[in-house]
Amino acid sequence: MYYSLGELFWIFLLGLAAWYFWAGMAAKDRVRHIVKAHCAETGVQLLDDTVMLKRTRIKRDRRGQVRLQRQYEFEFTSTGERRYSGIAVLHGQRVSQIQLSPFHMS
């Protein structure tokens, strides 16, 4: 059985989309666990137990290797009354930044 070049292209494209989806789900779960631990360490609570993908791009890391950089947004609370936003950046498999907006302490 032989495949034409066009068929191989579509098979490759479908495989690439499946890989991107699968890797994105794993990355989101990894970031959620790390952000939840960071929030607990900081003394705030991660709301809705979720992070939302805001942006994906290709960027070089410190060693010059090209990796996907995903930026996630999340919400947290310090007193239970107000929602605050935060950002987590995953560069490859490593969380390179977690930033919490200024919040009131209880």
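Selection within region 86-104: residues that are free of Cβ contacts under 8 Å to residues at least 40 places away in the same chain and open to solvent by 70 Å² or more (accessible area, probe 1.4 Å). The member of this set that is farthest from V51 (Cα to Cα) is H104. What residue, among those in region 65-87 that are part of a strand (DSSP E or B) and charged (D, E, K, R), is nearest to R30 (Cα to Cα)? Of everything passing the filter in region 65-87, R70 is nearest to R30 (Cα to Cα).
Restricting region 19-61 to residues that are part of a helix (DSSP H, G or I) and over 17 Å from the mean Cα position of the chain (by Cα), the residue that is surrounded by the fewest Cβ atoms within 10 Å (Cβ to Cβ) is E41. Going by the structure shown, is T77 in contact with a strand residue (DSSP E or B) (Cβ under 7 Å, 6 or more places away or on another chain) and open to solvent by less than 40 Å² (accessible area, probe 1.4 Å)? Judged against the criteria, T77 is a match. Contact annotation: residue pairs with Cβ atoms under 6 Å, 6 or more positions apart or on different chains, pairing a residue in region 37-64 that is more than 16 Å from M25 (Cα to Cα) with a partner that is open to solvent by 80 Å² or more (accessible area, probe 1.4 Å) and assigned to a helix (DSSP H, G or I), are L46/K36.
Taking the conditions exactly as written (touching a His at 6+ places or on another chain (Cβ under 7 Å) and either surrounded by 12 or more Cβ atoms within 10 Å (Cβ to Cβ) or free of Cβ contacts under 8 Å to residues at least 12 places away in the same chain (or both)), does R67 satisfy them or not?
yes
Checked against the criteria, G6 does not count as surrounded by 10 or more Cβ atoms within 10 Å (Cβ to Cβ), assigned to a helix (DSSP H, G or I) and without any contact (Cβ under 8 Å) to a residue 24 or more places away in the chain.
The values are calculated or read from the model by the stated rules, or taken from the named source; none is laboratory data. Note that the structure is predicted; figures quoted are calculated from it, not measured. With ideal geometry, Cβ positions are generated from the backbone for all residues, glycine too; neighbour counts draw on all protein chains shown. Accessible surface areas use protein heavy atoms only, side chains included; no ligands, DNA or RNA. Shrake-Rupley method; radii C 1.70, N 1.55, O 1.52, S 1.80 Å.
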